[in-house]
């Protein structure tokens, strides 16, 4: 769920930044220990710049070496976001040994809404620590949600009369999860069960509807190799408000029973929709 929450929240803040006004950087409480030694500070800034440059070029595997050991599994598994540019705004050291720091950046990326590409400006706060003598990005799930792409708002941000954005103050884990779930539930498939008889040609289709504010990618997994079975995904990109069909056809001479579950997965939400398929006259009822 934390991964789904991460992407859903990024969606919210990206939508807020479609307005011309720039969103002020959120204030995050942290202890300040004064200026760090020049060599330490330079090393940190170099590592941050290198890490985010990999997200500009899309070289996400290389970026893994800039991620802390305890965060690498989660980083490897999550959907990646390619950015257009970034700017390191400030560094705040979190301990007297200057071995932990909080880095604030501004990131620019493209965001597609209703078949239009918009430029989104996203403020972001990332945490770094020294591991094996090098600065690496890490996260603490107990304190913040996972994303090297920065903090996002739980509620849709409101625009003030002067054009600035009012960021919500409530960022509890419960609210994050609830808001993420609400966004993910906007999209759906029209059926989760498909039954086709054996011994004669038959087909059915499942309709996926994307109710999110931007386009999503979709893919299928769990398709078995069964003689006479054909599973076809109409397209792999679905615009906001659009639909895509999963067509399941079965043409086998015998009535051998088969049962399996397809998974329709959306990106970047990493949300899976299960479709239970039974084939043949003796398939489960």
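Brief remarks on what is shown
- Qualifying residue in segment 38-51 (condition: more than 17 Å from the chain's Cα centre (by Cα) and at pLDDT below 55): no
Table: residues versus (1) over 21 Å from residue 65 (Cα atoms); (2) in a loop (DSSP other than H, G, I, E, B); (3) at pLDDT below 50.
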{"residue": "88", "(1), (2), (3)": "no, no, no"}
{"residue": "103", "(1), (2), (3)": "no, no, no"}
{"residue": "124", "(1), (2), (3)": "no, no, no"}
{"residue": "136", "(1), (2), (3)": "no, no, no"}
{"residue": "145", "(1), (2), (3)": "no, yes, yes"}
{"residue": "156", "(1), (2), (3)": "yes, yes, yes"}
{"residue": "176", "(1), (2), (3)": "yes, no, yes"}
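- Hits in segment 243-265 - residues which are at pLDDT 85 or above and either under 30 Å from residue 82 (Cα atoms) or crowded, with 17+ Cβ neighbours inside 10 Å (or both): 243, 244, 245, 246, 248, 250, 258, 262, 263, 264, 265
- Some residue of segment 209-229 being more than 23 Å from the chain's Cα centre (by Cα), at pLDDT 90 or above and part of a strand (DSSP E or B): yes
- Within segment 235-249, the set of residues being closer than 15 Å to residue 211 by Cα and without any contact (Cβ under 8 Å) to a residue 24 or more places away in the chain comprises just one member, 237.
- Candidate set: segment 52-78, residues that are surrounded by fewer than 16 Cβ atoms within 10 Å (Cβ to Cβ) and outside any helix (DSSP H, G or I); chosen: the one nearest to the chain's Cα centre (by Cα): 58
- Filter pass, residue 193 being surrounded by 14 or more Cβ atoms within 10 Å (Cβ to Cβ), modelled with pLDDT of 75 or more, within 24 Å of residue 258 (Cβ to Cβ) and in the same structural domain as residue 256 (by TED's automatic domain parsing): no
- Hey, residue 113 at pLDDT below 90 and touching a strand residue (DSSP E or B) at 6+ places or on another chain (Cβ under 6 Å) or not: no
- Any hit, segment 160-173, residues being within 28 Å of residue 71 (Cα to Cα), modelled with pLDDT under 80 and touching a strand residue (DSSP E or B) at 6+ places or on another chain (Cβ under 8 Å): no
- Restricting segment 266-275 to residues that are in contact with a strand residue (DSSP E or B) (Cβ under 9 Å, 6 or more places away or on another chain) and not in a strand (DSSP E or B) leaves a set whose member that is modelled with the highest pLDDT is 268.
The values are calculated or read from the model by the stated rules, or taken from the named source; none is laboratory data. Since the structure is predicted, the reported quantities are computational estimates derived from the model, not experimental observations. Cβ atoms come from the backbone with ideal geometry, glycine included; neighbour counts cover every protein chain shown.
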